[in-house]
Each structure stands twice: as structure tokens, then as C-alpha cells.
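Asker: Structure incoming, see below.
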Amino acid sequence: MPHDTPLIATLVGAFVLAFVLGAIAQRLKLSPLVGYLLAGVLVGPFTPGFVADEHLALELAEIGVILLMFGVGLHFSLSDLLSVKAIAIPGAIVQIAVATAMGMGLAWALGWNLGAGLVFGIALSVASTVVLLRALQERRMVESEQGRIAVGWLIVEDLAMVLALVLLPALSGALGGRTVTTGTIDWLGLGGDVWTTLAVTLVKVAGFVVLMLVVGRRVIPWIMHWVAHIGSRELFRLAVLAIALGVAFGSAKLFGVSFALGAFFAGMVLSESPLSHRAAEETLPLRDAFAVLFFVSVGMLVDPSIVLKSPVSLLVTVLIVLFGKSLAAFFIVRAFGYGNSTALTISASLAQIGEFSFILVALGVDLQLLPAEGRDLILAAAIISILANPFFFLVLDRYRARHAPLRPEKAAAPAPAPHPAPKPVPALPETALANHTVLVGYGRVGRLVADGLKAAGTPFLVIEDQGDRLEELKRLDIEAVNANAASAPAIAAANVAGARRIILAIPDGFEASNVLKKARQLNPAIEIVARAHSDAEVEHLRQSGANFIIMGEREVARGMLAHVLETSQNDIAGAAAAEQAVEGGNRAGRSVSMHTAGPVDAGPGLAEPAAAAQKETL
């Protein structure tokens, strides 16, 4: 067996170091992306020790790009964008233009050409969706007005980057980079000037978009529904990966568009299917794994000596990312009539760069538009900005707490003093319920539990942080706490201290134990009901203090056993009747006994236990 295995060595080195450094970053309350990028620096050619195969890493990173963009497409929401289009679309466009101009100014000062300055500026103008969403989710701001504007703003940035990735190869020659001519131009015998290349590129992209919207939106959901009805989870997961990778690769070969654009449209088309959430869940582990490889491969390109070679250039680049485009966004939002809180939220959200910048940088270097120094400046600035971004949100949190308005009922009350000191409002309104049930999670199990509690007239509320589920709870007039159930504000807002019981309907037993321990500490007498999927989870929940634990497989087994035992009792009763008939010498009794033991009598007894088993499983 050969021991020279660069692929295995690259994977092992990347995953092990990414795990170690990502865990350290998470422990330090930083984005794991920082750890992944630093892991790439350590296995890269610019640092001593083990050096991973750069070419293999970049090719594996392409799969990460495809799966990342497929995930972006799956979660792309046109309705969310349209709800804030009045500020997000013009604001993002102006902010991109301002940040690009600042980047081009620095590039001009460094003596780079127009193409290098354009790529450099655009790469500095867009923020990381991954970093932003994590910051907003931690503060329960995704569904707030500020959160919707920030997410809509980044959607516009993402779409602008997709357009840049499409047009940059066509404009490369005119911008001073490597000239890229497509096979279509050669086949048609057209000239290779920039306008012809641009026109052919736009026609091919338009053809791809039309094909995906007309054919793809019918064929892809149909394939997924067909596979789902087969009932094989393995085939469903394989179908999702085949669609993501197949569409990305086919679009690149047939239409000349990037892998990123093909994967984005595949995800966007599939997002219209009811199976999109399941598709996202099934591909999440593989998507995360290859995304890690993508960030590690980016880190491998970073030359740490850039800090010593170009300290002034790096400082200016970081200032553009952290303050330049953030200040531009602040004044843009204020110009649209929004308050300081919203403007500061958008500013803090944009004070970093991430995955799209990396993709654009890689393309710019490949097209010989961006020099190596520009790549190193952007990658180093990305690491620094991701490290610094949490501090911007800490400042924002303090500002919001200091300037939060009074509660309506307190604002209406007469002031006890001429100039009373304002009190900050809790981020979450506290429930008025007491001696109630707290339901954590509103997935498949949570919905059934909530229906049962509502039908029984039991007072309860739900803790949930997923936007679509919160909208459903709002429509059903069910009180909900928009937060992560493991956070202290969520526990306080749900009045766990005064609750009678808490039902942990979330599927991960180990994650549920975090909520369980906090609830038990706050209310030692509370009844805790949890679910588990393995014996290990059952034991962990029991040790954490759960009163009643339901394991799905065991409930299925109980339902099956109940049916079998009920049927057996019917068989025994039928056999006893038959024996009595035989003893009486009646032949008709024998025919009755055979009929009683048959499926006709067993049929009515089958439906109820089966239905009960199904309910227990869900």
C-alpha cells in the first residue's frame, strides 16, 4: 500500500488543525472562521512544518464553494428582500460603490492598474453572511427591523458579487488581466474584443437563467419529490448532492458560468420546494466539512510576512473594512430617515469581510488581475476584521441598552422625580403566565405537543428562534419567545422560575441538556420532559435532571408490541370459543373459529394501535 498519499495528508492536516483552532476560537467567543483561516496559514507554504498540497486543497475548496453557494440559494428569500427593498437595494449599491472607490484609491497609491484596483475594492465592499447571521442570531435580531435590513443588505451584496463573478472573466482582458475567450466565440467566428466577449457572456448567462427558471424549477423539485417517495434517506441525500454538484459542473461546461452561480441557482430553484428544509439539513454536515476546507485553502494562500512587508497598506486596508464602509453605511441609513440604532446595526454588520471576498480574490489572481500582495492584504484584513467584529456588536449592545425606550406602561405612569433616570428595557418581553408549560422547539414534535396542549386548554408558551416557525405561531395566536432557549434572557422571558413544567421537544438531547440544567437551577421543582434518540442521550438527560424521557425507537416498539399483544389476546379468545364449539359437536363453530382468527376481525384492532404508534413516533 503506497504511503505517499497527499490527498489523505491534506484532508487530515486540514481537518485536525481546523478543529483544534476552530474550537479555541469558539471558546474565545470568536467566529470559528478565524480558526479555519489560521489552520490554513499553518499548513500553508509560508510557515514551517507540514505543508499541505496546495493544488489538491484548492480543488477540494471548489466543492466547498459549490456547497456554500448552494446553501445560500436554498435560503435565498425574495420576500425578505422585497420587504426592505426601499433601503437595502439603494443602500447596498451606494455602499459597495463607496467602498470600491476607497479600495481603488489605495490600489492607485500602491501603483496597481485599474483592474487590480477594481477587484481589490469590490472584495473589500462585501461582508460575510456567515459572520453576520451568527451575530444577529445570538442577539435575537434576525426577525427585527434592523435584522431584516441587514440581511436584505447582504442579499443585495451577494447578488452583486454573483454578477461580478460572471462579468469579471469577460472583462479581464480589457482590465489588464488574462484574456478569456469562450468556445462559443471561436465557434461562431466572432472577434475577441471586450464588447463581443461581454455580449456572448451575458447571452449565455441569460440562457442558463432561463433554462433554470423554466425547466429547472419543474424538473429539480419533481426529482426530489420522486426520491423522497422512495423512502431512502441515503438516496435523498445523494440526490441533493448530485443536483448541487451536477448543475454547478454542467453550467460551467455548457454555459461557461462559474461553479458558484450554477450552485446558487440550483439551490434557489430547490428552495421553492417544500423539501428544501430537509435538503438543507441532509447536506449540512458535508457542506460544513467542505466549507472548512475552503477556508483552510484560503488561509494557505496567506503570507504572514505581509504584516512586516506592508504594514501601512495592511493598516489602511483594515481601516477601510472596519470604519470606511461602516461609516458610509451609517450615513446612508441615516439619510433614508432611520434612527441611530438601525444605522449602527448595519454599520456593525458590515465591519468585516468573508467568503465572497475570498472567492473573488481567487478569481482575480487566476485571471492575473490582482497581484499577490493584494490577495495577502485582503486575506489578512479578513482575519483581523472577523476577530474585531464581535467588539463592534458589544458596543452596539451597550448603546441599545443605554438608549432603549421605556416600557409603554411605565412611560405612561407619572414620573416620581423631575428628571428620572431611564431604565433599559429587557430585550425580550416577559410573559404574564404562571404555573404554565414551557415548550422548547416548534418542529414536528413541538407542533403535535402544542396542538395537544391547546386542545386541552393548558396554558403554555413556545421558545423558538426560527423565523418561519415564529410566523406560524403568530398566525395561530400562540405566545412565543423569540430566542435561543439556552440563553438567560429566554429563560427569564418565559418565566421558567414560575412554570409548572418544561417540555424539551428539540431533537438533540445533548443540546437540550443545556436548557435543562439552567431550568433546574432556576426552578428545582419544575417537571422536565425531554426526548432522546439514543441510550447515551437518555443517560445524559437523566443525569442532568430530566423527570421523564421519551426515546422515539422505544415508543415505536411499544406501539408495535401493543398491537401484537392485543391481536394475540383476540386470537386466544377466538381459540377458546372454537374449543367450546367443538366440544358441543357443532361444525359451524370450526368455521367461525377460522374466521375469528383471520384478518377481518383483526382489521379494526389494527388501526388504533398503528395510529397511536405513529403519534408517539412523531
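The values are calculated or read from the model by the stated rules, or taken from the named source; none is laboratory data. Quick caveat, the model's predicted, so the values are computed rather than measured. Ideal geometry is used to build each Cβ from the backbone, glycine not excepted, and the neighbour counts take in all protein chains shown. The protein model used for the area step is the full one, side chains on, heavy atoms only, and it has no ligands, DNA or RNA in it. Shrake-Rupley method; radii C 1.70, N 1.55, O 1.52, S 1.80 Å.
Asker: With charges only on Cβ, +1 for K and R and -1 for D and E, what is the dipole size of the stretch 1-129 about its Cα centre, in debye, rounded to 20?
Answerer: Roughly 540 debye, rounded to the nearest 20.
Asker: When you have a sec, figure out the Kirkwood radius of the stretch 254-345 from all distinct Cα pair distances and drop it here in Å to one decimal?
Answerer: Answer for the stretch 254-345: a Kirkwood hydrodynamic radius of 17.8 Å.
Asker: Given points 7 Å out from each Cα along the Cα-Cβ axis, report the residue 561 to residue 59 separation in nanometres with one decimal.
Answerer: 5.4
Asker: Heavy atoms only, probe 1.4 angstrom, no DNA, RNA or ligands counted: give me 171, 254 ranked by accessible area, highest first.
Answerer: 254, 171
Asker: Using a Förster radius of 41 Å, what is the FRET efficiency between residue 312 and residue 211 based on their Cβ-Cβ separation? Nearest 0.05, please.
Answerer: 0.25
Asker: If packing is taken as the average count of other Cβ atoms within 10 Å, what order do 349-362, 552-565 fall into, highest mean first?
Answerer: Top to bottom by mean Cβ count within 10 Å: 349-362, 552-565.
Asker: In addition: Over 15 Å, how big is the tail of the calculated P(r) for the stretch 1-65, in percent of all Cα pairs?
Answerer: Here the long-distance tail beyond 15 Å is 54 percent of all Cα pairs in the stretch 1-65.
Asker: If each residue of separation counts as 0.36 nm, what is the full-extension length gain between residue 336 and residue 284 once their alpha-carbon separation is subtracted?
Answerer: Contour length minus the Cα-Cα distance gives 14.9 nm.
Asker: Compute from the Cα atoms of the stretch 240-295 the Rg and the Dmax, the latter being the longest Cα-Cα distance, and quote both in angstrom.
Answerer: Every Cα atom of the stretch 240-295 included, Rg and Dmax give 11.6, 31 Å.
Asker: For the stretch 490-551, build the charge dipole from Cβ charges (+1 Lys, Arg; -1 Asp, Glu) around the Cα centre, then report which of 494, 549, 514 sits farthest towards its positive end.
Answerer: 494
Asker: When the Karplus curve 6.51 cos²θ - 1.76 cosθ + 1.60 is applied with θ = phi - 60°, which whole-Hz ³J(HN,Hα) does each residue of the stretch 349-364 get, with x for Gly and Pro?
Answerer: 5, 8, 7, 5, 10, x, 4, 5, 4, 5, 5, 5, 4, 4, 5, x
Asker: Rg and Dmax in Å for the stretch 30-117, alpha carbons only: what are they?
Answerer: 18.8, 52
Asker: OK, next. For the stretch 442-577, what are the per-bin percents of Cα-Cα distances with bins 5 Å wide, up to the bin holding the maximum?
Answerer: 2, 9, 17, 19, 17, 13, 7, 5, 4, 3, 2, 1, 0
Asker: For the ranges 390-398, 120-128, 14-22, 37-45, what's the packing order if you count other beta-carbon atoms within 10 Å of each residue, average per peptide, and put the highest first?
Answerer: Highest-to-lowest ranking by the protection proxy: 120-128, 37-45, 14-22, 390-398.
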